[in-house]
Every structure is written in C-alpha cells, then in structure tokens.
1. With the requirement that a residue be of a type in the set (D, E, K, R) and either touching a strand residue (DSSP E or B) at 6+ places or on another chain (Cβ under 9 Å) or in contact (Cβ under 8 Å) with a residue 12 or more places away in the chain (or both), what does region A:23-43 give you?
2. Identify the single condition in (1) surrounded by 16 or more Cβ atoms within 10 Å (Cβ to Cβ); (2) within 14 Å of chain B (Cβ to nearest Cβ); (3) more than 23 Å from C:PRO158 (Cβ to Cβ) that C:ARG238 does not satisfy, given that it satisfies every other one.
3. Tally up the residues in region A:54-75 that are of a type outside the set (A, V, I, L, M, F, W, C), more than 9 Å from chain B (Cβ to nearest Cβ) and over 24 Å from A:MET132 (Cα atoms), please.
4. Using the structure shown, decide if B:SER203 is more than 23 Å from B:ILE395 (Cβ to Cβ) and crowded, with 17+ Cβ neighbours inside 10 Å.
5. Listed residues B:ALA220, B:ALA165, B:ALA211; which is at pLDDT below 95, crowded, with 19+ Cβ neighbours inside 10 Å, under 27 Å from B:TYR153 (Cβ atoms) and among the aliphatic types (A, V, I, L, M)?
6. In region B:453-469, is there at least one residue being assigned to a strand (DSSP E or B), farther than 22 Å from B:GLY520 by Cβ, in contact (Cβ under 8 Å) with a residue 60 or more places away in the chain and more than 8 Å from every other protein chain (Cβ to nearest Cβ)?
7. Among the numbered criteria (1) touching a residue at least 40 places away in the same chain (Cβ under 8 Å); (2) within 10 Å of another protein chain (Cβ to nearest Cβ), which one does C:LEU91 miss?
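The values are calculated or read from the model by the stated rules, or taken from the named source; none is laboratory data. Not measured: the values here are computed from a predicted model. In this analysis, Cβ positions are derived from the backbone assuming ideal geometry, glycine residues included, and neighbour counts consider all displayed protein chains.
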Amino acid sequence: MSADHHDDRLREILHRYPRHPRFLLAFLQDVQREFKHVPRKAMEASSERFMVPMSRVYSVATFYRALSLVPRGRKTIKVCMGTACHLRGAPRVLEAIEEALQVRCGGTTRDGEFSVEAVNCLGACALAPVVMVEDRCYGSMTAAKVREMLEEERGR
Amino acid sequence: MRLSSPEDLELYREQLLRRVKPQRWVRVCAGTGCLAGGSQRVYEALVEEARRIGLDSPVKFQARCSGCHGFCEEGPLVVCGMRGSEVLYRKVRREDALEILLALADDRVVERLLYRDGREVYREERHIPFYALQMRKVLERCGKVDPRDVDHYISLGGYASLARALSMSPEEVIDLVTRAGLRGRGGGGFPAGQKWASCRSASGPQKFVLANGDEGDPGAFMDRSLMEGDPHSILEGMIIGAHAVGASKGFIYVRDEYPLAVENLTHAIREARRLGLLGRRILGSDLSFDVDICRGGGAFVCGESSALMASIEGRPGEPRVKYIRSTERGLWECPTVLNNVETWANVPIIIREGVEGYRSLGTKDSPGTKVFSLVGKVRRSGLVEVPMGTTLREIIFEIGGGVMGRNRFKAVQTGGPSGGCLPESKLDLPVDFDRLTREGSMMGSGGMIVMDHRSCMVDVARYFVKFLEGESCGKCAPCREGLKAMGEILEDLCSRRGRPGDVEMLLSMGNALTDTALCGLGQTAANPVLSTLRHFMEEYREHQDQGFCRAGVCRGMFVARVEADLCVSCGACAKVCPFDAIHRDPSGKFAVDQRCEGCGACLDVCPMGALLPSPRGVRE
Amino acid sequence: MKIWVDGRELDVERDVLLYDAMVSAGVEVPALCRHGGLPHEGTCRVCMVEVDIRGKRRLVASCMYPARDQGLKVYTSTRRVEVARRFVIGLLLRRNPASPAIRALADRWGAMDTSRLSPVEGKDLCIRCGRCVRACATFGARAISFANRGWDREVCTPLKEPTLICVGCLSCAEVCPTGHITYRESQGERQIWGRTFHLVRCSRCGDPFATREQLELVRDRGDVCPRCLREEEGLALRDG
C-alpha cells in the first residue's frame, strides 16, 4: 500500500466516526483490521479527531489484546485456550500449528501471511478444541487436522 | 413503517399471523457452532436444490436460518417441518440436501440423520433427553426464531411485554420485577429490582441501561447463543428497563470474539428502529430510548461492570473502587443500570407471566430458570436451561448423560475463573445463587465443566490462575503481583519443583488476595485454587511432597504402568510412545520400561483403560 | 454521625473518608498511593482496614471508603488486617526491594516473606501506584499514562518517546513515593522524561524556577477537575 493510499484509507476510516471520545476503541479496531496493526499516524489522528490526549490513545492501544502496535499477519490464527478446549487437547493443536508454520505462538510467519495466537474462550465449547482464522471457526481440531486447515486457509 | 401505539403493534402481529404459512419448511442452524461445521453451505444447498426440484414457491416451501440450539456437538442441525410435525436432523452435510428435500416432499424422514442415544432414535428435538428434561424459557426461541427477522419475533409474541410494560408506571414495573425476585444472571446474583430502584431514585442529567455481553468465562457460551439466536429478547428487556429507570440511552457491550452476535444485534437494532420500537416516543409513550453496540477489545476484565463502563467511554478497561455504586455514579458519572444479557432476556418473561407465574419455577431465593453451559468430559454437551434448584447430578447425569467414555466423574468446575471445583460428594447440591458458594464454588454466569479422573486438579488451578494473570488489568498490587506469585508456585507444583510450605503459602495468599483485591476479578481469583485445596488436598500433597500427578497430566510427574489383567495386547500404546518405552514382555502383554518420561500419550489410546499413572520409582 | 474505630467512638460528618476521619483522630494507618492533593484511586491496598456493618465484616480501602452507616465499626489491627497488610507490603517489597519507602513500610508494619519466589528482574522502582499519572492529569498536561496491563503495566509517555506534550512541571516526580521518576536540573535547564526544558527566570530575582510550557499551561488550563471532564464527555451524548 503506498503512503498516499495509506493516508486515504486512514482518513476514510476516521470519518466513519463522530467526534466523541467514546469511538476511540472502535476506530482503533477498524484500523487494526485494515492495517493489521495500529500505526503511529492512526494514533495521532485519533487523538485529534476524538479530542483525547495522546497518552490516553497509547493506553488504549496497549491495553486491549485485539490491538497491536506491531504488524500481525494477513490472517490471524486464534487457538482457543478455553477450559473445555484445554481439557480436550488444545495445547497439542497449538504445538502442531507452530510446527507446521515454523512460528511461535504470538509471532508471525516470515511471509506475513499468518499470525498465531492463543486466545480466550471463543464460546464454541461443545466443539472443543476450536481454532478460529479471522471470522471462520474450525471445530473438533486435532494435530492431524492442522495441515488440512492451513491448506484451506492458504487458498482463501 | 412505524408502530405508533400498542394497538398498531397488535394489528401488525395479527397481519403477520394471517400470512400464509408454507406447507413445508426447513430451518438451518446458523449459530457459530453449526457454522463452523458448514451449516452455511447446507443452507445454500437446500435453497438451491429446492429450486431445482420445483419446491420454490413460498406457499410450498420456505428455508430459514435460526440461531444456536445449544447442542453444537451434533451440528450442523436442520429442522424440517411438514403438516404440523417436525423432525430434527443432526450432522447434516451439504450432500444431504437433496435427500432431505425429497423426503420432506414425501412426508418421510431420513433415518440416518436422526439423533440417536444408545438404541433410541428420536425424531423431534423436544423428545431428545437432552432437551426433554430442560425448561427452556430464556432460550425458548433460540433455534426457532430467525434472529435476522423482527417480523418472525413479533409473530412469536415478541414485544407484547414491552407494550404491556409501557402501560404500567415505571414504579409498577420496578415493583413487579422486585417481587418476581429476578437476580442478576451474570454471576453476581444481585436483585435486579433493587438495582433499578436505586437508579430510578438517583439524580443525574441522564441515565443509562447497559447489557453485559462480554461473556469471558472460558467454557461458557450461553450469552453467545442468546445474542446470536434471539437478539430482540435482549432489546425488549432493555427497553422495558429504560422505561423503569428513566434512561434515554443504552449500550450492549459485546465481546470482540463474538462477531456473529455483533452482527445479529446490530441488525436487530436497525429493525427495531425502523419499526419505532427504538427511538422517540416508543409505541406512542413518553419513552424515548435508543441503543448502540460497543464491541470489546479482547479483555476479560471488561466483563466487570466498572471496567465495562470505562471501555464504553473509550478508555482502558480498568475497574474502579465501587464503594459508590454505579446506579448512583456510573457511565460518565451518571446513574447506570448494568445487567447481563440473560438477565435482560428474563424481563419480558416476567412481564408476561407475572410474579406467581415466574416464581412457579426455581426456588424461593433464586426464582426462575438459569442457562448453563455444560461442557468438558460429558457425553451430551451444550446449553442446558433448568429451574434453579436443580441438582448438579440431575444436570450432569440425567441431562448430560454422565461422563463420556469409560472414565469416572471427578469434579465439576462451575462459575468460571471466579468459581471453583466440586467433587462427587457434592453432586446432590441444588444449583442456585447461594448453595454452591457455601462449598467454596459458585454458580457464576453458568459455566459447568465436567472433569474426569484424567484431569489434574492442580493443573486446573494453575490454568485458571495463569488465565487471570494474563487478564489482570494490573491496577492493584494484590492481583497484579499476587496472581504472578501464586502462578509461579502452581507452575512449580506441576513440574516437580514444589517445595514444602507451598500449599500453605497458596492458602494464605489466596485468602489475602480475596480480602485485598480492588475488583471482582481479583476478589474471586483465588476461588479455583482455594476450592481445589479444600476438596482435593491429597493431590496437592502428592504434587508437592512426592512429585506425583495421579491424573497423569503433569509431564514427568508420573510413569505409565500397565495393569496386566486388563491388557489385551493390542499394542496401541507402544505405537504412540514417543520414547519407545513400551514393549511386549514374556507373558505377551505389554509393559512400560524405565524410558517412560511421563507424557501421557499412551494413557488415552488404550481401549481397555489398562494404562494407569504411577508414581515414579514404583515399578511392576 | 457516630462511628467506632478500634473501640473508640468518633463523631464524624456523613460521607467522610475513613482514612481522613481516622488520621484526624490520631489513629495511625499506613498508606502509599494516597495523596491529599490528588483524586483517590485506591490502588496500593496498603490502607485497608476491617469494617463491620450489622455483623457483616470485610476489608475496605480506607482512603476511598465513605462512612455512611450509623454505628459503623472499624478495626485497624485485627489479625485479618495485619495478614492482609503484610501480604500487600510483601508483594510490593518483592517487586521493589531497593525502595526506601517500601522498606520503611515493611519495617513498621511487617511484610510477607517472599523468598520462596524467584527474584524479579530489573531495578524498576515503580510500584504502579498511579500518583504520577493522576498528578499529570490534575496539574500537568496529561503527558503520561499507564501502558499495557497486568504484570507488564508501566508508566510512560506515548510510544515511550520524549513527548512535546510534557511541560516539565515536575508534578509526577514530586509525588512519586519511591523515587522512580527522576529529573535533573542545572544551569537554568531541567531534564525529565527524555527532554530538556529551558527554565524561565523570575522577573524579580532572576532565579530559574519554572518552564515556559508549564507557565503557559497554568495560564491556559480551564478550571474543571478530571472527574468533571469525564462527566462532560457524557453530557455531549445527551446534547446529541
């Protein structure tokens, strides 16, 4: 994305929201979805538009797990670590994903395609262990099914 | 098309009911669980095939989506209707679409897709034991109503309670809710009527009603299903609440991890606005009220009421000291009522049934029903709604079908990270707001995780403490520093580094943490540790003093041993052993040698349950 | 109204903060994050005491707890309170063993033994009491805040870089109880948070005494306190 295009997209997202501090988090989440992280410019722009000090923007940007200052992959693989998933073997599914992608949990693959995270309960406990990639949910995961899931995701 | 009065609403409802019903219909579950199983493709295939075979007029056939049935393990679920009867199909695949439709057109059923339990086969959802023993009031419409269609909600009686409530004075509504005994379903169990009354009598330039949809307890998905499957029931409750306390604005705070709930609620709000059920002068009354969605940012602590409010304000989700209640000074320092989404969904039911009707279910101090999320090592997992006072045994064994596989029941964890584990001896406890608390656990928001003898209670405590450590906002020292300290000791106990005095230290830190933490997260954080210490002390002692994990979970803290009498020499264990430690011995049976490192892989594959965890140094 | 503190009857105004009432009556209660000139947050939990209201007993942070119940009974040195205090001070001491202020608290009130736990890396003196952040919000330019959460929570400037928002007023350093926030001053210059400020000289005596940015801030800032600023955000909603 060129710098100009980047700025245009940022401005477009910014103007989705009225000028009130309560939209700060929603704006930053939209930015995260678009750019896979929260760039400095986005923080500065939000401080101005939503009339909040930069210190508050930084606090919000670093408090919420949904946001990251460091770029994440194009697709984020979220391995549910909820209790039901934990009991049914989620740690082994995570290991299999780390192995297949050669990346540690919390990291991003070299080609920037995938980020891997351990996340809190996704609320699909009857299908434990659960893995979510973006908004897509994969239930009853096993170490053996990991390759298939990754192939399907690469194709998207 | 605005509904400007209760009469308008009734006329509209009658109009909808007079619409010609299709002769045959299918309802595909589009909840998160079934979607994960491919129900979207099933739906598309059904629509496509229906068109192909000529079932395409609205009189002849209709295909709809519904929300979560709360039986996700059996999904994708499809309900078919014909001539007044229904049939439930489970684990439906796209390829089954044509067969289903042909059977439907012929008034037949597809036998292989029916739900089976042992030898019994069930056609209708309501006869399945899992459902038959439930009392679905809050979840009544989940799985039936199309969550994206307000007309469907209205045709099933929706918003009639709102019209009724608006004809009452705010004080009358509060009185009704108070006498019905509604208590918060999010875990706190605070009397809703009392909360509303405090807010009503507080003064401020404006008032807010909030819905807590930040369901963060791992293992719980009651709120997800409700928000996805019947969003209007929550809205209706909130509008009634706004009328009662005098609020002009509301927010529904939905967890970031529930995108479908966000979508369905957003859509429902839009539809409600279109019909004039939100906005100015609702149904012609004096009430002007509107609702917006706030999406969480991935923070469990935002389920705490003051942290939730901070998050809505566009701040970090840090709780505040609450000696002055939110009903007095809450969101932006204004009087605010916050209730869980399940609590809000109870409100239209109370208006409809009245005090006696509502109180006919449940117990004196815990009236009504409660939705539980029954998961873990249980045969039938899913959402269970029963009257309060139902026992743990009834829920786990009668509805849930008991422990899955050949394993034995060991414990049930209730209340999420704020709750605790209860052993077999406590199974006859009635589940309500107060009874479980006396035993060191709590009902909480409804999470109910069943554990068998392959679950290590020290590992469970460790799991919850590490979870909370990661979710702590860090504001107060007891939680920020204390959980780190407790987590360190528990990690040591689970990796053969336990020391004498660890158990005592966990106990004293746990109690001190409960006393000193600033918010509910910290104040209840020690419960998983304290409850397992109370009911499973021997396991802690074994971990600390012998370096032994009897459940065979904590790596290196046991060795596998073959119970020769049970061994059938299949060799499955030898195949999975990563250390090549299992071989046939002279008798022909298998045995584990000193190369065993205690990883647990063999324990789960043995079809006879012949492999057992043993203390290291104890050989056959 | 009447309340009892350690068996002694006190006559107090309704809604008085327990800590204030006790200290006025000569009762000794430890405190750390509390500062008279700043809004209270109750984060350190060192000031906790036990209250008994109609038989129900619990610990509360006295710096923020308003006395509202006639006949409220307060206990400042029950075993429960002492254990709680030692727990909190012990944890703070583990995180900041080099802080004289925490050492003093430990010497006076006792501290839980945390030698069983691994030592904490780094020489960070910050106890995350939040005084500096509150001071900056009340007297300064809202230049610093808490970043991250949980164990990793820390006070810093946005993006942890020197910021032009800071006016060098030293409010943060003045209220810091452990000496974590430091600054340097010499020859008409002041250095704090990675920036160098030029000090304005007094028009009468010529001594350098404040930064220009600081003086401008005081001149330009409104007369609304932080809590009311928050309330005003909400009012904007009502006014559409």
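1. Listed by number, the residues that qualify are A:ASP30, A:GLU34, A:LYS36, A:LYS41.
2. In the conditions (1) surrounded by 16 or more Cβ atoms within 10 Å (Cβ to Cβ); (2) within 14 Å of chain B (Cβ to nearest Cβ); (3) more than 23 Å from C:PRO158 (Cβ to Cβ), C:ARG238 misses (1) alone.
3. 2
4. no
5. Exactly one residue qualifies, and that residue is B:ALA220.
6. no
7. The single condition C:LEU91 does not satisfy is (1).
Here's the yes/no breakdown for (1) in contact (Cβ under 8 Å) with a residue 24 or more places away in the chain; (2) out of contact with any helix residue (DSSP H, G or I) (no Cβ under 7 Å at 6 or more places or on another chain); (3) surrounded by 21 or more Cβ atoms within 10 Å (Cβ to Cβ); (4) among the aliphatic types (A, V, I, L, M):
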residue: B:MET486; (1), (2), (3), (4): yes, no, yes, yes
residue: B:GLY510; (1), (2), (3), (4): yes, no, yes, no
residue: B:ASN527; (1), (2), (3), (4): yes, no, yes, no
residue: B:ARG534; (1), (2), (3), (4): yes, yes, no, no
residue: B:ASP545; (1), (2), (3), (4): yes, yes, no, no
residue: B:VAL559; (1), (2), (3), (4): yes, yes, yes, yes
